[in-house]
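Undergrad: One structure is given below, represented as structure tokens, and several questions about it will come after.
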Amino acid sequence: MQLEARYFRAAVIYALLGLLLGIHMASSQDHTQMPTHAHLLLLGWVSLFLAGGFFRLYPTVQGKLAAAHWWIANIGILVMVPGVGLIMAGIEGPGVPLASGGALIVLFGMAIFAWLVFRATKRA
Ligand code: HEM
Ligand code: HEM
């Protein structure tokens, strides 16, 4: 499967999960999980969909590092967002290390992405 297709597919899964959480928050009138909802959608749906668009715009930048970025970005989201969910639910014991560890993985992924963007746009 093409790299950008993997980004778009992951993004729409996060969109569905984020929207379900948003609807649950709205219908229960309990907005405690707002940061979980916000970061699931902004890191998962928005950021990954944008990355997919970028790799479509700059197909020559695809390679091992770009493929590694997909994994690192997804692992970061899948560690950080449940961590935020646990913190917001008051379960800080496992929540804090997951959220902060996941955030560092997300940051590492974004550093790789920044490198790829700079490399791709060097002569643009
Ligand atoms: C079915 C669609 C959605 C529902 C029912 C929904 C529901 C909600 C609810 C109930 C809140 C809490 C509001 C508050 O307590 O002030 C919220 C906040 C938020 N939502 Fe959604 N949402 C939806 C879609 C989205 C989408 C598509 C995105 C982003 C792509 C998004 C991003 C956010 C953000 C960033 C916040 C935090 C806003 C702030 O800082 O005040 N939501 N949403
Ligand atoms: C390493 C990644 C990130 C970390 C550690 C992080 C951390 C945080 C923290 C601590 C808050 C305050 C939450 C609160 O007041 O309860 C917040 C809010 C927010 N962040 Fe992030 N953030 C990250 C990535 C992002 C990204 C990539 C976006 C957008 C593309 C984003 C958009 C927002 C928005 C809209 C809010 C306000 C809504 C809310 O309170 O949940 N964040 N973030």
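Undergrad: At what distance in nm do the modelled label points of E92 and A38 sit from each other, each positioned 7 Å from its Cα along Cα→Cβ?
TA: Roughly 1.9 nm, to one decimal.
Undergrad: Would you compute, from DSSP H runs of 4+ residues alone, the mean residue ellipticity of the chain at 222 nm, taking -39500 (n - 2.57) per run and dividing by the full residue count, rounded to the nearest 500?
TA: Roughly -26500 deg cm²/dmol at 222 nm, from the helical runs in the chain.
Undergrad: Using R₀ = 41 Å, calculate the FRET efficiency as 1/(1 + (r/R₀)^6) where r is the Cβ-Cβ separation of A111 and S28; round to 0.05.
TA: Working: r = 37 Å, r/R0 = 0.91.
For A111 and S28, the calculated efficiency is 0.65.
Undergrad: Running a GNM on the chain with Cα contacts under 10 Å, which residue among H24, H69, H39 ends up with the highest mean-square fluctuation?
TA: Largest GNM mean-square fluctuation: H24.
Undergrad: So, in nm, how far is label L50 from label L65 when the simple model puts each one 7 Å beyond its Cα toward the Cβ?
TA: Label-label distance for L50 and L65, simple model: 2.0 nm.
Undergrad: I've got another one for you. Determine how many Å³ per residue the convex hull of the Cα atoms of the chain encloses. Present the calculation step by step, with values, prior to reporting the outcome.
TA: On the way: hull volume 11.0 nm³, N = 124.
Taking only Cα atoms, the chain has a hull volume of 89 Å³ per residue.
Undergrad: Using only alpha carbon pairs under 8 Å that are at least six residues apart, calculate the relative contact order of the chain and give it in whole percent. All intermediate terms of the calculation are to be shown ahead of the outcome.
TA: Details: 138 pairs, mean separation 31.8, N = 124.
Once normalised by length, the contact order is 26 percent.
Undergrad: Using only the alpha-carbon atoms, how far is helix 64-88 inclined from the longest principal axis of the chain? Give it as 0 to 90 degrees, nearest 10.
TA: Orientation of helix 64-88: about 10 degrees from the principal axis.
Undergrad: Given the options L41, L20, L78, state which has the largest fluctuation in a GNM of the chain using a 10 Å cut-off (strictly under) for Cα springs.
TA: Among L41, L20, L78, the largest mean-square fluctuation in the Gaussian network model of the chain belongs to L20.
Undergrad: Can you tell me the 0 to 90 degree angle between the C-alpha axis of helix 3-28 and the longest principal axis of the chain, rounded to 10?
TA: On a 0 to 90 degree scale, this one is about 20.
Undergrad: Which value in nm describes the separation of the simple spin-label points at L20 and Q2, placed 7 Å from the Cα toward the beta carbon?
TA: Label at L20, label at Q2, 2.9 nm between them.
Every read-out reported here was derived from the displayed coordinates using simple, explicitly stated rules and does not represent laboratory data. Keep in mind that what you see is a predicted model, and the values were worked out from it rather than measured. Here the Cβ is made from the backbone with ideal geometry for all residues, glycine too, and neighbour counts use every protein chain on show.
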